[in-house]
Each structure stands twice: as structure tokens, then as C-alpha cells.
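Below: one structure, written as C-alpha cells.
The values are calculated or read from the model by the stated rules, or taken from the named source; none is laboratory data. Note that the coordinates shown come from a computational prediction; the quantities given were computed from them, not determined experimentally. With ideal geometry, Cβ positions are generated from the backbone for all residues, glycine too; neighbour counts draw on all protein chains shown. Remember, those area values only see protein heavy atoms, side chains included, never the ligands or the DNA or RNA. Shrake-Rupley method; radii C 1.70, N 1.55, O 1.52, S 1.80 Å.
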Amino acid sequence: MKKIKINHPDLYQSCLESKDNFGALKFRSVAEILAILMEDGRLIMEFPKQVENISVSADNTLTSEFSKKIYQSLTQRDPQFIESLMPIWSWFYRYYFQVKTDGWHHIPTTGKVLLVGSHNGGMASPDLIMMMYDWFSRFGTERLVYGLMHPYAWKVSPEIAGLAQKFGAILAHPKMASAAFDRGASVLVYPGGQYDMFRPHSQRYKIHFAGHQGFVKLALKQEVPIIPVISVGAHDSLIVLCDCYDFVKQLHQWGLPWLYQLDPGVFPIYLGLPWGLSIGPLPNIPLPVQIHTRICHPIIFERYGQDAARDRNYVNACYEIVQSQMQEELNNLVRDSQKSS
């Protein structure tokens, strides 16, 4: 952690005046603060006696404030609220999606694990909800499990994000995930994010992590096994025709603003409810298709710890192991599903 003391109230205020595009308070980087403190190439050494001290981390977060947000986010999970929704989820599970599932014996009845999934079905992600229903049905709502959710969710719709927090959603940030593990919880992550959930229909049987390796480092640092969770059918609940992000990005460079002033990273054209033909990463209502979910064998690496997580070659190797094993498991699930149908 890099720390710098700001001992002048005017300079302190100038840091506070930095805001993001949504008007939210944003703290400057260490380099920016140093630039503020510099005058004529010399670091200002003499300040008035009024003293204001803050600690700014290298990733631009205010340490104490961020710690508070972590605690608040982790405590928003509401087992009673989850219980109240189980009957509704049960109807979708049994009748709307007619879910088949197997492999739950791979999750130990105690302890913590890192569940790593492949995102399917657009923003609705029906297989995610059905897997969580299975988790709560088998282990109860009191057993802690948190799911990492993209920070954009809080910016686009704080109300929906707040609702998701009651289910156990937390900000997708390494410190959040580490704090969840420190509470003895398991953590669910979908590394591919929006690139995975809106991949073209022709790639519905492909594991697509988009090169994101943070989950591997998290598992190594926390010394927890990775348990892959996969599904077939959920990506048929909408039909992604193509991704025209590059074209829309060019329009943005010519002056077309992003919706909510957020770069989505993807811009799919898909067929699905309620829009019929949708252009852009809009929310969807999943079509009633059968979903088959599977919990796979745990993946345990040869070595763990901080040193392992800092070894780039080792992290790359672990990433390739997870991706290749999950692809093999998904291929098997596709074959099993086609045989049973």
C-alpha cells in the first residue's frame, strides 16, 4: 500500500473535487496527488498547522471508505429474503426450464471454494439463478456464498444492484472476494463477464474467459480449490446473432455517446424476449428452454500462496488448465444432453 499524507486543507479539498462522469466522488492517483503537491518542480514542504490526513491506495481507492463499503456489501445478504423467493425459483426450475443437474457431490459440505462458471443467456443468466437455487436447496440459505457482479450494475441501476446484494452479490473486486473468503464464504465468479454472456450463438458451447486471469490469482492467494460450474441450454434462451461492438465504437469516436456513459465492451444483436430483435446489451427475458447444469471435479493446483500468484508464467499455466478442463467438461455435457434428448 502506497500512502501519502496531505497536510493542507486546500490541497485536500482539491482531491475531493475529483469526480467521475456520474458526479460520484473519486480520489486521484498517487501520481496526481504528487503533481498537486509540486510547485516549481519542488515538493512543498511547509504547510499551515491545520492538518488533514488521508491514505490513498495505488488503485485510487480511499482505504477506510473502501473497507466500509466491503463490510456493508457483505452484510446486505439476507437469508430470509432468499427463502421467500425459493418457491418462485422452484416453479421456474421445475416447469419453465425443467432443469437437470448433477455433480453436486463435488462441493464439500463444509469449507470454502471458488466456483468458476461460464456465463450464458445474456443479462438474465438463467443458469446462474438455477444453480443458486440448487445451492440453497442443498446447503441451505445460511451457508455463505457470494457472487461477484460487474461494477456497472451499481451505476446503471442502484436499485437492482441493491436487490442483488440481498441474494449475495458483491462488487467484482479482488478485495471484495478476499473479504468474503475471510468470512468463511465460498465465492462464485464468471470470468468472461459480458464478453461471455453475449458471445454469438455459434459459440454457445465454447468456454470464453476473455483472457481474464484474476480468478486464478484469487484462488492461489486464498489457497482454495476451483470448482467449475457449467451448463447447456441457457445460451439458447436468447439467440445472439453477432457482436457489432467495433462498428459502434467507431461511431462513439465520432461523437455518439455511450448509454449511461459506460463503454459496454460488447454490442450484440440478438433475438429474444421482450424485444424480438435487440440491438445492444439490453436486458432480456429468457425463452423457456431446458437447462442442464453440472458441477465438475475440483481443480487443485500444485502450489499456492502469494509467490505463486505473482508468478506470471505459473498463473498463465493454471489459467490454461482451468479453461481446457472446463472446455472438455462442457463437451462431455453437450454429448450427454444430446443423448438424453
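Could you work out the percent of alpha carbon pairs in the stretch 250-328 separated by over 19 Å, rounded to a whole number?
66 percent
Quick check: residue separation of residue 102 and residue 260 times 0.36 nm, minus the Cα distance between them. What number comes out in nm?
Residue separation times 0.36 nm, minus the Cα-Cα distance, leaves 52.9 nm.
Do any of 166/217; 155/249; 100/206; 100/249 go past 29 Å between their Cα atoms, and which?
Where the Cα-Cα span goes over 29 Å, the pairs concerned are 100/249.
At a probe radius of 1.4 Å, what is the per-residue accessible area of residue 204, in Å² to the nearest 10?
60 Å²
Using only the heavy atoms of the protein chains and a 1.4 Å probe, how would 93, 270, 195 rank by accessible area, largest first?
Ranked list, largest accessible area first: 195, 93, 270.
Expressed as a whole percentage, what fraction of the accessible surface of the stretch 129-237 belongs to carbon and sulfur atoms when a 1.4 Å probe is rolled over the protein heavy atoms?
That share works out to 56 percent.
Please compute the modelled spin-label separation between residue 75 and residue 332, points set 7 Å along Cα→Cβ, answer in nm with one decimal.
4.4 nm
Return one whole number: the accessible area per residue of the stretch 116-219 in Å², for a 1.4 Å probe.
With all protein chains present, the stretch 116-219 gives 37 Å² per residue.
With every protein chain left in place, what is the accessible area of residue 244 in Å² (1.4 Å probe, nearest 10)?
30 Å²
Output needed for the stretch 187-341: three equivalent-ellipsoid semi-axes, defined as square roots of 5 times the C-alpha gyration tensor eigenvalues, in descending order, whole Å.
Gyration-tensor ellipsoid for the stretch 187-341: 31, 23, 11 Å.
In whole angstrom, and with the biggest value first, how far do the Cα coordinates of the stretch 140-264 range along each principal axis?
The Cα atoms of the stretch 140-264 stretch 48, 32, 27 Å along their principal axes.
Averaged over all directions, how much area does the convex hull of the C-alpha atoms of the stretch 172-229 cover when projected, in nm²?
Averaged projected hull area, Cα only: 4.2 nm².
With every protein chain in place, what's the accessible area of residue 138 (1.4 Å probe, Å², nearest 10)?
Its accessible surface works out to 110 Å², give or take rounding.
Starting from the residue with the highest accessible area, list 75, 110, 293 in decreasing order, probe 1.4 Å.
These residues rank, largest area first, as 110, 75, 293.
Accessible area, 1.4 Å probe, largest first: how do 297, 173, 119 sort?
The ranking, largest first, comes out as 297, 173, 119.
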